[in-house]
1. Scan around Gly8 for amide H atoms under 5 Å from its own, H built in the peptide plane at 1.01 Å from N, and keep only partners 5 or more places away or cross-chain.
2. Kindly report, to the nearest 10 Å², the accessible surface of Val261 as traced by a 1.4 Å probe over protein heavy atoms only.
3. Relative contact order of the chain: what whole-number percent is it, with Cα pairs under 8 angstrom and at least 6 residues apart?
4. For region 10-27, just list the computed ³J(HN,Hα) in residue order, Karplus coefficients 6.51, -1.76 and 1.60, θ = phi - 60°, integers in Hz, with x standing in for Gly and Pro.
5. What percent antiparallel are the DSSP beta bridges of the chain, to the nearest 5?
6. Roughly how tilted is helix 147-158, in degrees to the nearest 10 and between 0 and 90, from the longest Cα axis of the chain?
7. Starting from the Kirkwood radius over alpha-carbon pairs of region 269-329, derive D by Stokes-Einstein at 10 °C in a medium of 1.306 mPa s and give it in µm² s⁻¹.
8. Show me, bin by bin at 5 Å from 0, the whole-percent P(r) of region 142-284 based on Cα pairs.
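The values are calculated or read from the model by the stated rules, or taken from the named source; none is laboratory data. Computed from a predicted structure; not experimentally measured. Cβ sites come from the backbone with ideal geometry, for glycine too, and all protein chains shown count toward neighbours. All accessible areas refer to the heavy atoms of the entire protein, side chains included, with ligands and DNA or RNA removed. Shrake-Rupley method; radii C 1.70, N 1.55, O 1.52, S 1.80 Å.
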Amino acid sequence: MRGTVLHGPRDIRFEGRQTPKIVKPTDAVIRVAVTCVCGSDLWPYRGVAPINEPAPMGHEYCGMVEEVGSAVHSVKPGQFVVGSFATSDNTCPHCQYGYQSSCMQREFMTGAQAPVLRVPHADGTLVPTLGIPPADLLPSLLTISDVLGTGWFAADAAGVKPGSTVAVVGDGAVGLLGVLSAKQKGAGRIIAMSRHEARQKLAREFGATDIVAERGDEGVARIRDLTKGVGADAVLECVGTQESMWQAIRATRPGGGVGYVGVPHGVALDGQQLFFTHVRLHGGPAPVRRYLPELIDLVWSRKIDPGKVFDLTLPLDQVADGYRAMDERRAIKTLLRP
Ligand SMILES: [Zn+2]
């Protein structure tokens, strides 16, 4: 088969790779229905996170089970499944505690931008849908694998409750789906921080009530203005830079929470400054597996339409164009069809 491999900065190739097969008895092999490019794929793509050798890319997936190992019992060939970007046994103490993305047996998925994919720990990682989904649900089901699951965790970790005033830092796909997640969790007011018209529009469709275009000190000042000087109850940090992290912390009221899901790059926090903010921080790689059943149900019953974040769809063999479009911020998120 051919799959997506990163060879170096901005050098994405769709090239011959061995077709994945069952390696361990706990594996499944799935036929990928749709996959996509993640904002986090751009870190190695831009050379910010260096790679040592050619790296198979992609960790967001859903599709049909083709084959399972002898120890797999919860999914079977012919079923349509959605899985997390982090594998989990779903039985260890961390999994039982709801933190499957810190599973003692965790592996980070890779190689999903390909027609066939091996999924380790299939029993604890994959969740089947009720049946074969109609084609128009595929983009939304795909978002659950990472981008929606991550936005959902950001809202959860920030402590969004019915009636909360929420601010979302970051207008990438995760931030936009953080808006959708906050809305689903009953937020009363959702302030999306974005300077881009198309993204502002989508944020409003997903439930944003206010838009703040300013950044940094001015952005924080605008959020204080909008909240009568108090700050937001919950802030979702969906970028991962020093500026965005402090912007999130300073936009939060004392006693409020920041859910941070942007993979930090160069973020350093001053302990004493943090101490006097009185802000709770919780974040990390989203335990998507915890949310899979609930999110699959919300998509299946068409209560949410997170697939709207995909504003570019390409055949998988044009994956390099998909990366370029996201790198240049011409696309919010690229859907790829094998
Ligand atoms: Zn585990």
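1. Counting only residues 5 or more places away or on other chains, the set is empty.
2. 20
3. On the way: 870 pairs, mean separation 62.8, N = 338.
This gives 19 percent for the chain.
4. 6, 10, 9, 10, 9, 9, x, 9, 5, 5, x, 9, 5, 10, 10, x, 8, 7
5. Working: 28 of 53 bridges.
DSSP beta bridges in the chain are roughly 55 percent antiparallel.
6. 40
7. Values: Rh = 16.0 Å.
Taking Rh from Cα pairs, D becomes 99 µm²/s.
8. Once binned at 5 Å, the Cα pair distances of region 142-284 give 2, 12, 23, 27, 22, 10, 3, 1, 0.
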